[in-house]
Structure formats: structure tokens, C-alpha cells
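Asks: First, the structure itself, so that you have it in front of you.
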């Protein structure tokens, strides 16, 4: 789980400002039985002209799966258009009580878990927590700086960090408080962007907190916020995420390439070797220690040692347009995105639908 060390009240007062001055006295908006069998829920609707990636369009977990997460119990969570889906005890269920303030369905962007096993969901209309069968939805009216959430993480002491289109908030269980980051620039190549967008929040094995934003890559430790992009020589302020491999090495996906970060120096390993276009996206590591990453939204690459190879897709082995690559606790590699959820097994993409194969 992505976590950080507990801040003291003094440290917080130096960095954190009141988030719209709102207190969270009436934040529990919904607390109801949350799980509903998927076969009882309405199927997603999507323009079928975009369904060429997969043959079983009506039985996808979601026709767009934006994120995947496995919790400490081994349950697998899928976030996409239409909300959250949970695979547990050989049953896929839809968490139908995660809703916008107006009661509409949401698109899920990120999923995290806290120390108590509570699941936190960041989506297009705020955040939600899932505690057993109890679902609680939080909105701007409860103190969030924005309902347009793109990333979510928890720390070792239960604080929830929320990255939005308008910056970062931290939630201590009672109040939302703004965490100030520098402003960046709008990425004009993307449909949704802002000067304060935070794409990812991550804590490494040393307890350092990282923010990937449109203002660059920032680290936070010992009450000190550092612009790592500037210090490390990363040649773009558009940073998507940071990933730590099994050896503790850090990798940074950016608009202009994939960097490794060693001793505060960034090296672009893809410079002049591949076309990045809209940039490098998700990063993961397979059971053999090879890195996998997405480039320009459509192309998959592996990096082993010093060898950079493109994964060759074919008409009958395309997989999805990948939003996230993820290794589960059984060392299986998942690729989720536009087209649904897939696992890569023996070089072949296996489409995992509502009916599996699990």
C-alpha cells in the first residue's frame, strides 16, 4: 500500500492550508449495503464501433477499465466507467452505491487501501470509502478541493491523500486540508488538463512521498518539498507516475520519455529510441524483473538490463488500449484500459470478462 509517515501537527501547519475552510461535520452522505451481483446490474453502454479490440463486448467487466488494484485480502478491484467491480470468493460484484452527488454513476480513476482494510476510491465525482458493506461518499461540499479526482493514496497512519485537477488534499478522517504544490502548465495534447493536475501520488520503500504533476515531480520527506524534476534534470514538467522496482530503483514516466532516477539524477532511457508522442504511461515489473511500460497510449515496451524491445501486437493479439499495467500477488501481469481487462499469458492477451477466466 502506498503510505507515508505520520506528520506532526507542527509540520502540517507549515505546509497544509485550510481546504476551502470547510469542516467535515456532515460528511457521511451514504451508508448502505454496497455490493450487488453483477448479473443484476445494468450492462454498460458504449459505442460499438470502438469494440474491435474484443469479441465479447456485452460481457466485459467494464468496456473501459481505468485501474486495477489487489487488496491485502487478495481481492481484486476494477475501476472503470460505471464504477467499481470487486472479484472475491470467485464472485464478481458491482459496488452500486458509489455515486455522484446527483446520484449518477462515476468513472473510477484510482483505488487504495488503508491500514484498517478500508478501500478508498478516487473518481470523477469525489472520493468514496468502502468498509465492509458500508459505503461513504465525499464531495466538495464536505471539504474536497475538487470532485474531479485523478489519484488517491493512504499513509501509514491512515491519512488519505487525494490528487485532483485542482491540486492535492489530505483527509485525516475528520477534515480535508489542502497541501500546496507549485502550479505548472496545461498539457494541450490532452483532452483534460490543468496547471494544478496531480496524476499520481506514491510513497517509496524509504517513506518518501512523491507527487507526479503538471508542474513536475516533487518529493516530500522530513517536512521538505523538493522539485526533483529540476534537480534531476528531467526535461519536462509533465510527469505521469513514478514506479519502484523490486531492487528499489525508481522509474519516472513523463511526456518525453522514461527516466530512471539514481542518486538524484534522471536518465532518459528512451531518448532517441522510441516515439513518445503523448508520453510514457503506466509502468510495471513482471516476475522476471523486466519492466513493462506504455508509450504514446498504444505501444508496449519491455526493458531488461539495457535492452529496450517493443512488444509486437497482431490483429488477433492486440489487447486493450492500456491505461494501467499491474502485477498481482500471483505474479500475473494485467493490462486494463479501453477494451476491458486482460492478462498476458505466454505472450497472448487473455480477455477477462464477467465470466473470467479468473
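Derivation of every value follows stated rules applied to the coordinates shown; laboratory data play no part. Please read these numbers as outputs of a predicted model, since none were measured by experiment. With ideal geometry, Cβ positions are generated from the backbone for all residues, glycine too; neighbour counts draw on all protein chains shown.
Asks: Could you quote the convex hull projected area for region 102-256, Cα atoms only and averaged over all directions, in nm²?
Replies: 10.0
Asks: Starting from the Cα gyration tensor of region 58-126, multiply each eigenvalue by 5, take the square root, and state the resulting semi-axes largest first in whole Å.
Replies: 18, 15, 10
Asks: Ok, one more. Express in whole angstrom the spacing between the alpha-carbon centres of region 258-285 and region 87-121.
Replies: 32
Asks: Running Debye on region 173-269 with equal point scatterers at the Cα sites and no solvent, what base-10 log of I(q)/I(0) appears at q = 0.19, 0.20 Å⁻¹?
Replies: Values returned for q = 0.19, 0.20 Å⁻¹ are -0.89, -0.98.
Asks: Right, here's the next one. Please list the radius of gyration and Dmax for region 218-358, considering alpha-carbon atoms only, with Å as the unit.
Replies: Cα radius of gyration and Dmax of region 218-358 are 15.8, 51 Å respectively.
Asks: Still on this structure, I have one more. Under 12 Å from the 7 Å Cα→Cβ point of residue 327, by amide nitrogen: which residues of region 229-263?
Replies: Under 12 Å, as judged by backbone N against the label point of residue 327, lie 244-249 of region 229-263.
Asks: Using the 10 angstrom Cβ neighbour count as an exposure proxy, how do 123, 298, 199 rank, fewest first?
Replies: 298, 199, 123
Asks: Sorting 127, 262 on the 10 Å Cβ count, fewest up front, what's the list?
Replies: Neighbour counts put them in this order, fewest first: 262, 127.
Asks: A further question on this structure: Within a 10 angstrom radius of the beta carbon, how do 162, 98, 61, 192 rank from fewest other beta carbons to most?
Replies: Lowest to highest Cβ neighbour count: 192, 61, 98, 162.
Asks: Convex hull volume of the Cα atoms in region 280-358, per residue, in Å³?
Replies: Once divided by residue count, the hull of region 280-358 is 92 Å³.
Asks: What number, in nm² with one decimal, is the all-direction average of the projected area of the convex hull of the alpha-carbon atoms of region 75-182?
Replies: 6.6
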